[in-house]
Structures are given as structure tokens and as C-alpha cells.
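Report on the following structure.
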Amino acid sequence: MLEQYRRLKAEHPGSILFFRMGDFYETFGEDALVASRVLGIALTSRDKKRDPTPLAGVPHHAVEGYLRKLVHHGYSVAIAEQMEPAEQAKGLVERQVIEVVTPGTVTRLGLLEATESNYIAALLPEGDSEGRWGVAIAEISTGEFRLGDVEPGDLPRLALEYPAREVLLPEPPSRGGNGAASGAGTDGAAAAAPFPGACVTRIPASRFDAAMGRATLEKKFEVRRLDAFGLRDVRGGFGAAGALLDYLRSLKKSDLPQIRDARPLREGAPLVTDEVTLRNLEVLESAAGPEHTLLALLDHTETAMGARALRALLRAPASDRELLERRLDRTACLAASAALRSEIGARLHRLPDLERALGLLGSGRASPRDLGAVRDALRRLPALRLSLEGRRDPVLGAWAAALPDLSALTAALEAALVEELPLSATQGGIVREGYDEELDRFRRDAGDARALVLALEASERERTGIPNLKVGYNRVFGYYIEITKSQLGRAPADYIRKQTLTGAERYVTPGLRRMEERIESASMESSRLEAAHFQRLRDLATASMGDLAAAARVVAEIDVFRALAETAARERWTRPTLTDDRTLVLKRARHPMVERALGLGAFVPNDLALDPEREQVWLITGPNMGGKSTFLRQVGLTVYLAQVGSFVPCDEAVVGLVDRIFTRVGASDQIARGASTFFVEMEETATILRQSTARSLVLLDEVGRGTSTYDGLSLAWAITEALHERAGGGPRTLFATHYHELTDLERTLPRLRNRTVRVSEENGTIVFLHEIAAGKADRSYGIHVAQLAGVPEAVLERAREILGRLEAEHAAGPGPGPGPDRAALLAPPSEARVTRDERDALLDDVAEAAVESMTPLEALNTLALWRGRARGARRAR
């Protein structure tokens, strides 16, 4: 057995081998040490006396939980199954590796996140003569497959769209690659850097051959040319695709029938996104928690397919107007009718995951329960089609027409399968009674075993006169007749002794053997017929995978746009007007997540009007907590939503499509990695200055604050000028700042306009109105905000004194003479003033003390506090 284990392990040296032995999967040697440590399971050993071999095992019925943990830690696992029942084996049970599970090739539902795609990427560095990289992406559990060529700088953006769990790279020549693929000598290890947490797998460079990869795709899809797939300009991508398909086939031991199509990496012109923008706009993640993201606000999906499609849509907004108008038509169609949304939602509610069923069918591992999930999904489709066909709308009609006719498969599964299906095909109980008369007869014979045993037991007791004679069964000896030793003298001559016990003898008879053969034959035939029916039905479903995939796509699409429409209706959003010019006009725009948190009617909306010919840059000043950052983000989110194909949180919106949204708002996550605030700020600002175009949208919040005041002001001034004076037209820009000096730029930059956040000030108290208006602020109200935050009054008073002196100095200007003495201006208060202030404060506290309501203990504590302050003032004096 260990020799068998070593042979299989040698065939899969990079994987942990799960070796099936009865009811357990065992690991040996180094694999056992890893499994014990990672899984927290007991470590034992075999052959302890001569050559102890580490051993660790997990029960087969709980294997998916252990596999999930290993894969999550980046390990691959080869699964060796017993290919025959142990009782039928002649000698050693035959075992074969039926599947290798790696982080990017999971198809088992128990190992996958239902709402997240599980991508694997293959990268071919410098895949063509122009220095582009060949890329192929697969999601094997759903059958998605994409390929193309990208510039090296596009890899981070690609990684955001397809967050791969595993990345394939060619081995360098020193590790066995033969250099056959173009650029095979490039190490390319940095290529995996944009995929954080991805497992990197090296395979021979020869498998990345572009010509071979193209031929592989043509053969798989049974076509002579791939032009119809939209892959005309692909070069290195073919090499990556061939390597990826080869790798997947070798692991899954199948031809991957779930992959029935190859699509370009991107369809239509994308709105370029990056990690900074997604983070700052809180599209998918938020420091405040997942419930505060745009995704959480939009996610009214009813199916796992729709949930994954929504995430994919949010990761890849577009700038193709025709594509976006089609998406908006779908959103508008469903947003117009609450009854339709409700009806479709009910049809989709808890609909099983057809997409993931494709991966199971393609791997040949679909269980009876998986086949039942396909049936349960298909039986829901006619009602969905009826909902679509019952209304006159071209969008609904297109969806109805795109739903394939799967009635034949549905009927076959309905007729054959029982409602509650077992997990394993070997358990029986798969086929309905009445479906196969012969199967029913064998089931009756096998099911009558108990009755046959009781009948035989009664007849033998009567024949022998032995009242305690018993007919029994065990797995080793089969059926037997048991007689106690006190009754052995009555045993008939045709009884054949089979086993001796302490107080009894066990016998068999020709009649007992005939009964046993009948029961075993019926049971075996029943199992054989059920297995044959199950395999036929699974093959029938596999043959229909093209239609199943098409149905899954339609269901996912309907679910996504129903979710977008549900959000639009609930939140009172409107359809944006998309244009190809550079206008951006928003009427009564709101921040969607903040508005949800505050409640209906509590959020103060604002208008925006950017026209690159007249108002290209808005410079926004005003107090902290006034809403400047919120305004910037709500503008960014509105444009982002419009270019996803969603309605937007405005009363009216005209969006001149942008090619990229740049945001420069904070750097807390980078600080945690050791980068200084100012460095990260300047790094991101440099990206904006170098990469933004006349079609971009730039959102800047407090640029320059991470360094000295004059350095920061100088940089902010120069950055504003650079964005305004860009050759070929500058990007539409919102710049929120506390550098009030920048407002002077309105006089020299013709397309810059000053805007401010309004406040109301009465009797020294200010109220933030959260309204953006024309004009500029001359104060930041920082001390007032500090007071609201609970900063001690003594600190606030000192701050007011310093602020007054600084403002006086600034008003005095440079003038003739040496000017004011800054050291004297900012000198700390004198000891006499400290003493006086402390005494006055103490007297105020004594005068206002509510002694009538104090408990004795509170009075003593208060008196002790006053005494300590009085002694401190006396020492200062």
C-alpha cells in the first residue's frame, strides 16, 4: 500500500496527496506533517518499530472542510480515490488520482464562496514583439474563459477586474524551461504582484507556445478560425490560453466541457479603474465595514449567479456609450414596475446555482444532489419566461428569446429523480418508484430481505422444534442460522457448520444460501440499474451544457438589472443622460451610502456644473465637517454608477463619459505598510498629473497637507495650475482645500471657479449647512470642530489666542522694519497668567457645583480634585 502511495505521490510531487483508505483520507510523511500543522489534526505513525512514517488522516464525509482550509493556505491537494469496493478487490485495492485541487481550480461547491468568482490567470511576459503580455483568465467552476494581450502597466487594472487566486507563469530556462515560447527567458515574477494573495505556479515555458495555443483553441471549439470570437488582435494571449487549458486538463482529468466559449478580456471601451479609486469611493470595501459599501447598497440580487455578476459589473465599468445605453434600458425597464420586479424576484428567489453546476458536470463529479439542483433550477425557468413574455417591452422580449428551450432535459430529470436525493451515487435512492419496472422489482426483492429472514426463521423453528433458533447476518459471514449449545442435538443433518461461538454454533443451509443469493442479486441489480440511470441523466445534462450556460447567463443578467432597478426605485434615483462631450451637470446630487445611513430626507443635496470650456476646475474651501469630502465622493460615485449602467442619486444628471476617475483622498492603508503620508500623497498626485486626460475626472482632497504649510501651499498651487493649463485640455477637476490662498487663482485661471461650503454663524456658534455655493471661505473653523470633538477648554482658549496673533501678523504684512517678533508672538502664557486662569477656573467650578444633589462619596471626590488643582496653582505661583 505504501508503494502505491509513493507512486501516486511521485506523479504529483507539488501537491499534498489525500489517499483514500476506507472511511478516511490519509496523508503520509511530509504531507502528514503539513496536514497536521495546518489542519490541527492528530499526527501518528505507521511501523513505529522499524521505520516510523508520519501519518495524519481526515474522515471522508468531512473532507471538504479540510480541503477548503488547505486551499485557503495556498496548498494544492491531489485526491486519490479507491476505484473499486474493497470486498471486490483481488489483492490491493486499485487507487487513482481523480482530481487535483489548487486555489484557482476549485469546482467543489463546499470550497467556493457562493457570491465570489474564483479566477485563475496565465501570464506570458512579453508575449509579442511589441512588448505586450499574453493573458488568459478562467473561472473553471462556471466555464468563463477570456484571453488577450495587455500592456505591462495594465496588469494592476486587470487584476482588479479578475482577482485571481492562482497565477501561472512560465518557468525560467534555469528551472527547466526550453525557451520555446517568446519571452520565455523573462522571469516575470513581478507579474504576479498585482494579484495580492495569489498562489504562483510555474509550468514549463514550452507550454506557452502561441501557435500551439491557437491550434488548441481551434480544436477545442471545433472551428477553423477564431475571428468570430473577437480575438483577431491577440498574439501572446494564445500562448497563455494554451498553457492554461493544458494545465486545467491535467488537473481535472477531463476535456473541460464547461468551457464552451472564449471571449476577449474586455468588451467595449473600459472606464479605467484602480485600487485607489475603488478604495476611496468605497465601491467594494470600506473601512467602516462591508455594509457601508456601494456593493452592499446595490446588492438586491436573489441568486448566487446574479451576486457574482454584480461584483463583476462593479469591477469593470465602461466608457462605451452604446453599451451603457443598453444597460440603462434594462435598468429602466425594471425600475418602471414594482410589480414586475416583485414577480421576477419571486421567480429567482433561492434559484439554484446553474453556473456552478456546469463546473461539476464538466469535471464528471456531479453528484445526485447536484443533478437535483439542476432540475430544481430548470423547473423554475418556465415561470420566469412567462413573466418576461407577459409584457410588451423589447428588453423583456430579448431576455425571453435568449432563454434556451430546456424542456426535454427538465422532463427527463423530473421523471427520473426523487425529490430528496442522496449525496453519493452509491447510496441508492436516486430514481423514482414507477420509473423503471425492473428496478422496482429488484428493489422489492432486496427490500423484502427482512420479511424473508423472518419467514425462514419461523419455518426452521417449526421444522427443528428449537424455539430460540435465530437467523442473523454479519458482513463477514453473511446470513447464518444460530443454535445455542443446549439445542445442538436437534440440529438437522442438512445444517452445515460455519462458525463456533462460546455458547452457540452457526450454520448455513442450501435454502439459506438460495435466499442470500436472491437478496444479494436483487441488491446488486438494483444498484447497477440506478447507477446506469444516474450516469445516463448526467450525460444528458452534460450534453446540454451549452444551453445550461446560456440560461445561467440570462438569469444572472436579469438578476443584476433587477437589483439595480430595485435600488433606483427605493432610493429615488434617476436615469443619467450620457454624452460624448465633456459636460458634467448634476442636479441635487447625493452621496448614496451617506444618504442611506442618515435616512430619507436628511441628506442635503448639491448641484454641480462642470464645463471644460468655462468651468473646468472647482476649488472648494470651507470648514472641516462641512461636507467637502462627501461632495467629492458623491460626484465620483455618480459618474461611476452611470458608467456601470445604473441610475444615479440625482434629480437630473448629464454625464459626459470619462475615461478614468482619479481620486486623491487619504492614505491610511499605505501608512500601515510603512509609507509616509506625504510620499503616498505625492505618488498618487504624480499618477494623476502624468496619466489624466481631457476626458478624465480628477477629485483632489487636501493635497499638500502632509508637509510644511508653505511647501504644501506651493505644491497645491502648482498642481492646480498644471491641471488647468494641460495641453489639449485639462481634466474636469474638483479640488477641496484649506489653503485659502489658492482662491486667488480665480483671477488668473479663467476656467477655475471658487466654491465654498456654507455655514451659519450666530453668537459665536456655527451650524454646518452642507451646501456648496459660489464664493470662498476665509476661515476653516478648526477650533470649533475641535470643541465639538471634546478638546479641553484650556487648549481651545490657547489655540484661539495663537490664531488671533497669527491673523494679526498676516494682516500686518511684511511692511518696513523688522516686523513682529514671531517668537514673542507665539510665546507660551506667563506663569502669572497660568495661575490666574487656574484660580478663575477653580472659582467657577466651585460656584457651579451642584452640592445639593451630590452623594457623600461624590462630594469627597470633588473636594479632593479641587484641592489638587489649588495646590498646583500655588506651586506655580
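For this structure, a couple of remarks:
- Electrostatic dipole magnitude of region 577-780 [Cβ: Lys, Arg +1; Asp, Glu -1; Cα centre; debye, to 20]: 260 debye
- Placing +1 on the Cβ of every Lys and Arg and -1 on the Cβ of every Asp and Glu, with nothing else charged, gives region 112-264 a dipole about its Cα centre of roughly 480 debye.
- With 10 Å bins from 0: P(r) over region 496-578, alpha-carbon pairs, percent: 13, 16, 15, 13, 12, 10, 9, 7, 4, 0
- Net charge contributed by nearby residues that have their C-beta within less than 10 Å of residue 518 (K/R +1, D/E -1): -3
- Considering only 554, 862, 359, the residue lying farthest towards the positive end of the dipole of the chain is 359, judged by Cα position with unit charges set on Cβ.
- Packing-based order for 486-498, 691-703, using average beta carbon neighbours within 10 Å, highest first: 691-703, 486-498
- Ratio Rg/Rh, restricted to the chain and using Cα atoms, in which Rh is the Kirkwood radius: 1.11
- Degrees separating the helix 545-571 axis from the principal Cα axis of the chain, which is the longest one: 30 degrees
- Taking the DSSP beta bridges with both ends in the chain, the antiparallel portion is around 60 percent.
- On a per residue basis, the convex hull of the C-alpha atoms belonging to region 437-534 measures out at 94 Å³.
- Around residue 649: net Lys/Arg minus Asp/Glu count, Cβ-Cβ under 15 Å: +1
- Computed over the Cα atoms of region 680-748, the ratio of the radius of gyration to the Kirkwood radius (Rg/Rh) comes to 0.94.
- From the alpha carbon centroid of region 396-463 to that of region 591-647 is 61 Å.
- In summary, the convex hull built on the alpha carbon positions of region 526-643 has an orientation-averaged projected area of 13.2 nm².
- Loop sites in region 190-287: chymotrypsin sites (Phe, Trp or Tyr not before Pro), DSSP, at most 15 other Cβ within 10 Å: 221
- Net charge dipole size for the chain [Lys, Arg +1 and Asp, Glu -1 on Cβ; Debye, nearest 20]: 1760 debye
- Environment charge at residue 9 (Cβ cut-off 11 Å; Lys +1, Arg +1, Asp -1, Glu -1): -2
- Summary of the geometry: region 61-79 and region 557-576, compared by the centres of their Cα atoms, lie 39 Å apart.
- In percent, rounded to a whole number, the relative contact order of region 577-780 is 29, using alpha-carbon pairs under 8 Å and six or more apart.
- 5 angstrom amide H check on residue 76, placed H, neighbours 5+ away: 16
- q = 0.09, 0.16, 0.17 Å⁻¹: log10 I(q)/I(0) that the Debye formula gives for region 577-780, counting C-alpha atoms only: -0.33, -1.09, -1.23
- Within the chain, helix-based [θ] at 222 nm, where runs of 4 or more DSSP H residues each add -39,500 (n - 2.57), nearest 500: -13500 deg cm²/dmol
- When the Cα positions of 54, 748, 404 are compared along the charge dipole of the chain, 54 comes out farthest toward the positive end, with charges on each C-beta of Lys, Arg, Asp and Glu.
- Helix 210-220 vs. the chain, principal-axis angle (Cα, 0 to 90°, nearest 10): 50 degrees
- For region 536-644, the list of trypsin sites (Lys or Arg not before Pro) that fall in a loop by DSSP and count at most 14 other C-beta atoms within 10 angstrom reads 572, 614.
The numbers here are math on the coordinates, done by the rules we state, and not lab data. All values derive from a computational prediction rather than experimental measurement. Neighbour counts are summed over all protein chains in view; Cβ atoms, including those assigned to glycine, are modelled from backbone coordinates with ideal geometry.
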